[in-house]
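Scroll down for the structure; my scribbles are underneath it.
Values in this text are rule-based calculations from the coordinates and carry no lab data. These numbers come from a predicted model, not from an experiment. Backbone-built Cβ (ideal geometry, glycine too); neighbour counts: all protein chains shown.
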Amino acid sequence: MPYLGGEEALRELRRALANPHVQADRLRYRAAVLRVIRHMAQGADVSGLFPEMVKAGAAPDAVQKKLVSLYVRAQAPRQPQLALLAVNSLRKDCAHPSPAVRGLALRSMCGLRMPGIQEYLQQPLLSGLRDKASYVRRAAVLGCAKMVKLQGDAEVDGALVNELYSLLRDQDPIVVVNCLRALEEILKKEGGVVINKPIAHHLLNRMADLDQWGQSEVLTFLLRYRPRSEEELFDILNLLDGCLKSSSPSVVMAATKLFLVLAREYPHVQADVLVRVKGPLLSACTSESRELCFTALCHVRQILGSLPGHFSSHYKKFFCSYSEPHYIKCQKMEVLCELVNDENVQQVLEELKGYCTDVSVELAQGAIFAIGNIARTYTDQCVGILTELLGLQQEHITSAVVQAFRDLVWLCPQCTDAVCRALPSCEDAVQDSEGKQALIWLLGTHGEKVPNAPYVLEDFVENVKSEMFPAVKMELLTALVRLFLSRPAECQDTLGRLLYYCIEEEMDMAVRDRGLFYYRLLQSGVEEVKRVLCSPKSDPSLGLLEDQTERPVNTWASEFNTLAPVYGRERWVLVSARPPAEPSHACSCTDSGNRDSLISEGNKEVLKVHPDTGSLTLIPDVYLTAEQFEKTWLSLDTSCRLSLPWGGTVQPDTVQTALHVVHIQTVAMSRAGAWPWKAYLSAQDDAGGLFLTELLLEAADAELQVSVKQSEARPEALQTFVSALRTVMGAVAGLGS
Amino acid sequence: MAASALFILDLKGKPLISRNYKGDVGLGEIEHFMGLVLQREEEGALTPLLTHGKVHFLWIKHANLYLVATTKKNGNASLVYSFLYKVVEVFCEYFKELEEESIRDNFVIVYELLDELMDFGFPQTTDSKILQEYITQEGNKLETGKSRVPTTVTNAVSWRSEGIKYKKNEVFIDVIESVNLLVSANGSVLLSEVVGTIKLKVFLSGMPELRLGLNDRVLFELTGRGKNKSVELEDVKFHQCVRLSRFDNDRTISFIPPDGDFELMSYRLNTQVKPLIWIESVIEKFSHSRVEIMVKAKGQFKKQSVANGVEIAVPVPSDADSPKFKTSAGSARYLPERNLVIWTIKSFPGGKEHLMRAHFGLPSVEKEEEEGRPPISVRFEIPYFTVSGIQVRYMKIIEKSGYQALPWVRYITQSG
């Protein structure tokens, strides 16, 4: 950094700023200010120039004011004392005749994130809300949200809230949307802005005036509104029909979500909406913006989850083109897998086959796994294609094919023979750990059908010393013992050598243990080994479990158009259930306004429960089995019942993690998305008293019913336990919304 | 939605410009971004949505820049991406090109724009026409521009400001259709799609009311003129200025246009179209020495039309050298850095056929790994012609002052 510690440069800048000749010439003055900003942008410490800069901000030039406010916003946290100077001149600007300057001053003032500034903000904000220029009102409305955020826990001013609600009737569309956004932030604790009938209808009427951002956000806010009657509901849907055809994909998505949620009791309406949104979604899938395309594809997958075959006639739209990035190709292949049907299976497989020989290893393997997936329904064709691919003798292709075979054989036992015929000759081409494991498993489990199975395994045993992966060695052990049962004569010698190696020479403890285990097992006789090892070789029922198709639309309607489908279901659960951000993390946001991070906040509260519970200390790691729990539960009377506010669905992992932090054990729990959702919890305090709890959520957006039973009647302990539980569930509910 | 902060990073991941709108995500978080991108790229699992801890990064790449929005909320992804693209669009309109250099040169304006585009994480004024009224390159006009009093009309038209005046009142209508076609090696059409847009360039005074008539099949059926040539449009989307209710009722497209350039509507046609320029190629590879490529192009459109600026890009092996070309029309160039031969034909009349032969030397040592074979791609533009046959039947301009205005129509078909 050339400018770091540039004392000289700083002094020169100060001289320039203070020079009356410079100050007299507007352009020179601005150029000097610009230089300061440039230094700041390059990382130099220019905080020493604060008084001069504030003075420069008082000049009439509006561009200069902007530059100064940029400076002040960046430097204020370091110089809270001097920042008050800036506040003074900004307040003066709030009464400037030009609305541009007034708006700018308001925005910069609210942008100063430092404690104690609220008292200076209140007056200018209130007059800003009544300003005649819409530009100022826009800034003022959002300014209110910023101010409340700075206040932190303090009581929200009711008059301010009313003022904002009345501004929803403003003429300027952006002011209206800003009001909604601001109210949402301000009333976060009370569950956000309330959309009642007059407001909803007012918003619906203003819809046409809004820009695309406004439209999509208003559509999101309208999710809160529950129409009173069927008639009203259909009126709303008719009014908003145009949004489904909007040119902005975000509006289309938001409208779709609103339709799906509003029509949750009318499946035919939902189906109709999904049909109508097909066109816009497809064109988003082929849009120029890759990211929008990706988002659209993710949502297409979501829809396909409930309506398989919805896009089947448009399968050609999901063929990959050469220049697309990898992530889009992957999504498209997933989509292709899901929309395959009798008519298009030939073309889809043909297309996927083309990808299998792609230069990109990931893409080729992805395509092979995709064919493997389709093979669950169209077995013969797919096995044919996969076998053909083995002929290419390409390392990554063979490895992926073998893995696909392994998964397939497990689910569709009818194709075992075909797979076994294809297996010989591919052992040389498999080099990676995953592929080797798959091959060894196949040879071990179905070795009696592969003539050269023992000799292939023997080769592996020969080279076991140079084998890198312990997992491969473990697989090899199991496979060889299994094969020994069906073809003892050919395997005995090899097995002996392998066991000797594993027990005597192997360094990895897990492998050695596995070796010892089999050794001892073999000592106890062949019958015993058979009893232990001859588990089923396939399980077709698992396939049904895996593609639980046709999840009803309502299970995901509330997630539509959020990040959840973009992450994908499994990943989203992981991302959202991740334990609260590590403390260093929270500190890295030096800004006082860390209010949004509900999670770390919730966590702090949770941890606080321990010190001040006083009479109650829950013992960690007490485990009650389900039977014990059931017995105790039935024998006790409910000592406390309450209901907690709850919004949306439940993430079981989150709940469990949160409860674990306060030493409440989760005995049993329904899976996510099940209705009614139930969970049973138990906890024990140091005095030996048991607390058994049932959580019950009848439907999404209902209240959470909690009933607690206690083994010994101690009211004060019960009180503390319930309040701890309430805090935890409150924190979790905050995350969900 | 609510993006917490917006970053513009260079290719190495160093922030050029950052703007923290909400302050709930620390500016330091961005340091994790580049690491994540690299890591995921290596795993082959790069997605436009990344996460670190509780922070989600939504990013797009433009030229040599990354634009990243961070958020902690479970927001609306398509909205954020649309916004990022909007930011790119606005910047492009200000600086012609958006890249590292232009950001560095104009960072004051960039800051000003970021300030106006978004406040507290919510998009505000994003219409570049309106922004240009009060944020100018020189920043001199500033005092006059923004003090305009907002319209007091209840039904304010947010996309058009009042009091616009032109000496000559004109409207230019561009009907642009782009054809996306994918043809397999054996000549069957895998994918065909026509995406059409109607773009307007409006130089009209006051608050004019425009009506556009197309040869839309649904409309013709409504009015009983089924015999005329008509087009069935699918997936029609309009600019927000179009009154959708009227379109739904009687299929008239009526609107108050914004000033200057804008896209009035877009549509899609799913009908099978035959390739406008048919390409056949023969590649003969003599191992270890040379490769000969013969490409034949045939214009399969009306004789009266002429395709302009036809560019046929033929991929060649990356280790080819000493190119020799023979063409029946136009010229061919070898671009070794892209492994392509570009054959350009300035004008290509319909029904004609052209040939190109290319000859390359190959090194005698063959490369081990197999190369992907990218498809041959064609770029072209055919003026005064639309594949779909869409026509502008009339454009009516009504304004209170009753001036005369001239509409101009132009049709172009281009490659997608």
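The table below gives the values:
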quantity	calculated
Only Lys, Arg (+1) and Asp, Glu (-1) charged, at Cβ; chain A dipole about Cα centre in debye	3440
Shielding by partners - mean other protein chain Cβ count within 10 Å, residues of B:31-38	0
Computed label-point distance, nm, for sites A:Ser466 and B:Lys73 using a 7 Å Cα→Cβ extension	5.9
Most positive-pole-ward Cα, B:Val392, B:Ser102, B:Tyr267, against dipole of chain B from beta carbon charges	B:Val392
Centre separation in Å (Cα based) which lies between segment A:226-258 and segment B:26-87	30
Rounded, prolate or oblate (a/c below 1.5 giving rounded, otherwise prolate when a/b exceeds b/c) for segment B:1-122 by Cα gyration tensor	oblate
FRET efficiency, 1/(1 + (r/R0)^6) with R0 35 Å, evaluated for A:Ala154 and B:Glu100 via beta carbons	0.20
Segment A:135-277, dipole about Cα centre (Lys/Arg Cβ +1, Asp/Glu Cβ -1), debye to the nearest 20	240
Per-residue HN-Hα couplings for segment A:22-28 [Karplus 6.51, -1.76, 1.60; θ = phi - 60°; Hz; x = Gly/Pro]	4, 4, 6, 9, 4, 5, 5
Alpha carbon centroid spacing (whole Å) that separates segment A:139-190 from segment B:173-203	46
Residues whose placed amide H lies under 5 Å from that of B:Leu16, excluding near-sequence neighbours	B:Ile8, B:Leu9, B:Asp10
Loop-located trypsin sites (Lys or Arg not before Pro) in segment A:104-178, at most 16 other Cβ atoms within 10 Å (DSSP)	A:Arg130, A:Lys132, A:Arg169
Global geometry of the protein assembly as shown, whether rounded, prolate or oblate, following the gyration tensor of its Cα atoms and the 1.5 cut on a/c	oblate
Computed FRET value (nearest 0.05) for A:Tyr455 with A:Glu362, which takes r as the C-beta separation and R₀ as 25 Å	0.15
Computed over chain B: relative contact order in percent, which uses C-alpha pairs under 8 Å that are six or more apart	14
Charge-dipole axis of chain B as Lys and Arg at +1 and Asp and Glu at -1 on Cβ define it, positive-most pick from B:Gln304, B:Phe380, B:Phe238	B:Gln304
Segment A:226-240 - phi-based ³J(HN,Hα) in whole Hz, Karplus 6.51/-1.76/1.60, Gly and Pro as x	10, x, 6, 10, 4, 4, 4, 4, 6, 4, 4, 4, 5, 4, 8
Estimated FRET transfer efficiency (A:Arg531, B:Glu232; beta-carbon r; R0 60 Å; 0.05)	0.30
Above-threshold pairs, the threshold being 18 Å between Cα atoms, out of A:Lys188/A:Lys678; A:Lys149/A:Lys189; A:Lys257/B:Lys72	A:Lys188/A:Lys678; A:Lys257/B:Lys72
Cβ-placed point charges (K, R +1; D, E -1), dipole of segment B:294-416 about Cα centre in debye, nearest 20	1040
Residues of segment A:677-716 with amide N under 11 Å of the 7 Å Cα→Cβ point at A:Thr638	A:694-696, A:705-709
Shape category assigned to chain B from the gyration tensor of Cα positions, a/c cut at 1.5	oblate
Cα centroid separation - segment A:334-391 against segment A:652-729, whole Å	47
Simple spin-label estimate for B:Asn64 and A:Glu230 in nanometres, 7 Å along Cα-Cβ	6.4
Sequence-separation-based contact order of chain A, relative, with Cα cut under 8 Å and 6+ spacing, percent	7
222 nm mean residue ellipticity, helices alone, for chain B (DSSP H n ≥ 4; -39,500 (n - 2.57); rounded to 500)	-5000 deg cm²/dmol
Where labels lie 7 Å past Cα in the beta-carbon direction, separation of A:Ser313 and B:Ser318 in nm	4.4
Top positive-direction residue, dipole computed over chain B with Cβ charges, set B:Ile277, B:Thr252, B:Gly163	B:Thr252
Under Karplus coefficients 6.51, -1.76 and 1.60, residue-wise ³J(HN,Hα) of segment A:437-442 in Hz, glycine/proline x	4, 4, 4, 5, 4, 4
